[in-house]
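The structure under discussion appears below in the form of structure tokens.
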Amino acid sequence: MDDKLMLMIPGPTPVPEQVLLALAKHPIGHRSGDFAKIMAEVTDGLKWLHQTQNDVLILASSGTGAMEAGIINFLSAGDRVLVGCNGKFGERWAQVCQAYGIAAEVVSAEWGKPLDPEQFRSLLEADTEKQIKAVIVTHSETSTGVLNDLQTINHAVKAHGKALIIVDAVTSLGATNVPIDEWGLDVVASGSQKGFMLPPGLGFVAVSPKAWEAYATATLPRFYLDLGKYRKEAAKNSHPFTPPVNMFFALQVALKMMQQEGLESIFARHRRQMNATRAAMQALGLPLFAADQAASPAITAVAPVDVDAEQIRSIVRKRFDIAMAGGQDHLKGKIFRVGHLGFVSDRDILTAVGALEAALQELNYEVTAGAGVAAAAKVLTQ
């Protein structure tokens, strides 16, 4: 049956109908008064979502573009930084640093394990000359379903006093609590195609006053990603370049939906669906890739034994039109990932689990029919 594809991946995520309809409106001039009103409204909404009174700037980019901007605007070639690497995206930020001549020191953990805050604390305390300029951390590591302990790592950064904390919150912003002002986070990047319930196309960067001080002396080349330009224009409810106007229509609607639901309810929904998904996998005898205490509310990674992860994904996709994500790099074929991020309902969780059960049965994997759905339903109805 056509047009029944169901996204259960960590991005792009499902988009509400009213957001899709907003995308279908006729564009308006991005230098018009009408656009300025929308810009003012979405900026206020973004500050609410980010739990900050500081700047939240909007780029026409993916989350990677937002993170690159968050790195290059506040650092200079040769600066020493610490980069947490326990998955695909932590490694990407180290590669960005390398591309710009930033001296990145990797703080690593095995894929599927959380970063150790103690390693950051030890390195930062040893830096008595305050040479470390920034600590770059992926909050929710999308490739493995691990939620790193950002709050504790940030405590160590704050104790250092000099270093900035730069955060990839691409799959955590809008899914779990990221209180930017309360924690004193300096740079926080995210993307529209995750918890924002939007298609890909917009990147967001929240910037603290401390980060703007670093911007004044940073010397890396930048033009389109020069956040100073975006800050200057945002103060006038404008944009430095031609933005994807219809995405701003959609953002306006999505933020209203999120405000109606409320932050605590949004976070609770993601936790509930995470717990339901994990309970279902355990009931089906499928090992979880990340431990409970480090589980991301955005994505659950599963490491099946005696059955191929890609075969599972293939059957779920072909038979039921449900897309689940595969493993990346050395985890390809070894894990699959179930997204429960953004516009995902409890019904979607039960549907995906039911399809997964059917796929396992087709692969002659020993499973009790209905066990996964029952386990998920128990969590969802508590």
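Filtered by the rule that a residue be surrounded by fewer than 18 Cβ atoms within 10 Å (Cβ to Cβ) and polar (S, T, N, Q), the stretch 1-38 gives Q18, S32. When each of R347, R337, R313 is tested for being assigned by TED's automatic domain parsing to the domain that holds A279 and free of Cβ contacts under 8 Å to residues at least 12 places away in the same chain, the lone residue that passes is R347.
Residues in the stretch 283-293 that are of a type in the set (G, A, S) and part of a loop (DSSP other than H, G, I, E, B) were compared, and the one that is surrounded by the most Cβ atoms within 10 Å (Cβ to Cβ) is A290.
Exactly one residue out of R80, R92 is modelled with pLDDT of 95 or more, basic (K, R) and within 17 Å of the chain's Cα centre (by Cα), and it is R92. Taking residues in the stretch 199-220 that are outside the structural domain of G174 (by TED's automatic domain parsing) and farther than 19 Å from A169 by Cα, and partners anywhere that are in a strand (DSSP E or B) and among the aliphatic types (A, V, I, L, M), not one pair has Cβ atoms closer than 9 Å while being at least 6 places apart or on different chains. Of the residues V205, V135, V170, the single one that is among the aliphatic types (A, V, I, L, M) and in a loop (DSSP other than H, G, I, E, B) is V170.
Would you pick out the residues in the stretch 335-354 that are among the small types (G, A, S), closer than 11 Å to P14 by Cβ and surrounded by fewer than 24 Cβ atoms within 10 Å (Cβ to Cβ)?
Keep residues of the stretch 335-354 that are among the small types (G, A, S), which gives 339, 342, 345, 352, 354.
Narrowing further to those that are closer than 11 Å to P14 by Cβ: 339, 342, 345.
The one that is among the small types (G, A, S), closer than 11 Å to P14 by Cβ and surrounded by fewer than 24 Cβ atoms within 10 Å (Cβ to Cβ): S345.
Quick check on the stretch 295-314. Is at least one of its residues more than 26 Å from N177 (Cβ to Cβ), among the acidic types (D, E) and crowded, with 16+ Cβ neighbours inside 10 Å?
Here is the first cut: in the stretch 295-314, the residues more than 26 Å from N177 (Cβ to Cβ) are 303-314.
The next check asks that each one be among the acidic types (D, E); those that pass are 306, 308, 310.
Those left that are additionally crowded, with 16+ Cβ neighbours inside 10 Å: none.
No.
Cβ-Cβ contacts under 8 Å between residues 6 or more apart (or on different chains), taken from a first residue in the stretch 271-296 that is not assigned by TED's automatic domain parsing to the domain that holds H330 to a second residue that is surrounded by fewer than 18 Cβ atoms within 10 Å (Cβ to Cβ), are absent.
State which residue is nearest to K133 (Cα to Cα) when the search covers only the stretch 173-198 and only residues that are part of a loop (DSSP other than H, G, I, E, B) and of a type in the set (D, E, K, R). Spell out how you get there, then give the answer.
As a first pass, look at the stretch 173-198 and keep what is part of a loop (DSSP other than H, G, I, E, B): 174-175, 177-179, 184-186, 192-198.
So of that shortlist, the ones also of a type in the set (D, E, K, R) come out as 186, 194.
Details: D186: 12, K194: 29 Å.
Here the residue is D186.
Residues are listed down the side, and each one gets a yes or a no for (1) farther than 24 Å from T52 by Cα; (2) buried (at least 20 other Cβ atoms within 10 Å of the Cβ); (3) touching a helix residue (DSSP H, G or I) at 6+ places or on another chain (Cβ under 9 Å):
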site	(1), (2), (3)
S192	no, yes, yes
W212	no, no, yes
P221	yes, no, yes
L225	no, yes, yes
N237	no, no, yes
M257	no, no, yes
L263	no, no, yes
A268	no, no, no
M281	yes, yes, yes
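Have a look at E118, E105 and point out the one that is in a helix (DSSP H, G or I) and either out of contact with any Lys or Arg (no Cβ under 6 Å at 6 or more places or on another chain) or in contact (Cβ under 8 Å) with a residue 12 or more places away in the chain (or both). Full working, then the answer.
Working: E105 fails: in a helix (DSSP H, G or I).
After applying the criteria, what remains is E118.
Yes or no, residue by residue, for (1) crowded, with 17+ Cβ neighbours inside 10 Å; (2) more than 30 Å from G11 (Cβ to Cβ):
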{"residue": "W111", "(1), (2)": "yes, no"}
{"residue": "L124", "(1), (2)": "yes, yes"}
{"residue": "E129", "(1), (2)": "no, yes"}
{"residue": "V146", "(1), (2)": "yes, no"}
{"residue": "K162", "(1), (2)": "no, yes"}
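The number of residues in the stretch 74-101 being surrounded by fewer than 24 Cβ atoms within 10 Å (Cβ to Cβ), within 20 Å of F223 (Cα to Cα) and touching an Asp or Glu at 6+ places or on another chain (Cβ under 7 Å) comes to 1. Among the residues of the stretch 48-64, is any outside the structural domain of F267 (by TED's automatic domain parsing), crowded, with 20+ Cβ neighbours inside 10 Å and among the hydroxyl-bearing types (S, T, Y)? For the stretch 48-64, residues outside the structural domain of F267 (by TED's automatic domain parsing), crowded, with 20+ Cβ neighbours inside 10 Å and among the hydroxyl-bearing types (S, T, Y): present.
The one condition from (1) out of contact with any strand residue (DSSP E or B) (no Cβ under 8 Å at 6 or more places or on another chain); (2) surrounded by fewer than 22 Cβ atoms within 10 Å (Cβ to Cβ); (3) part of a helix (DSSP H, G or I); (4) touching a residue at least 12 places away in the same chain (Cβ under 8 Å) that F241 does not meet is (3).
The values are calculated or read from the model by the stated rules, or taken from the named source; none is laboratory data. The shown structure was predicted, so the numbers you read here are calculated from the model rather than taken from an experiment. Ideal geometry is used to build each Cβ from the backbone, glycine not excepted, and the neighbour counts take in all protein chains shown.
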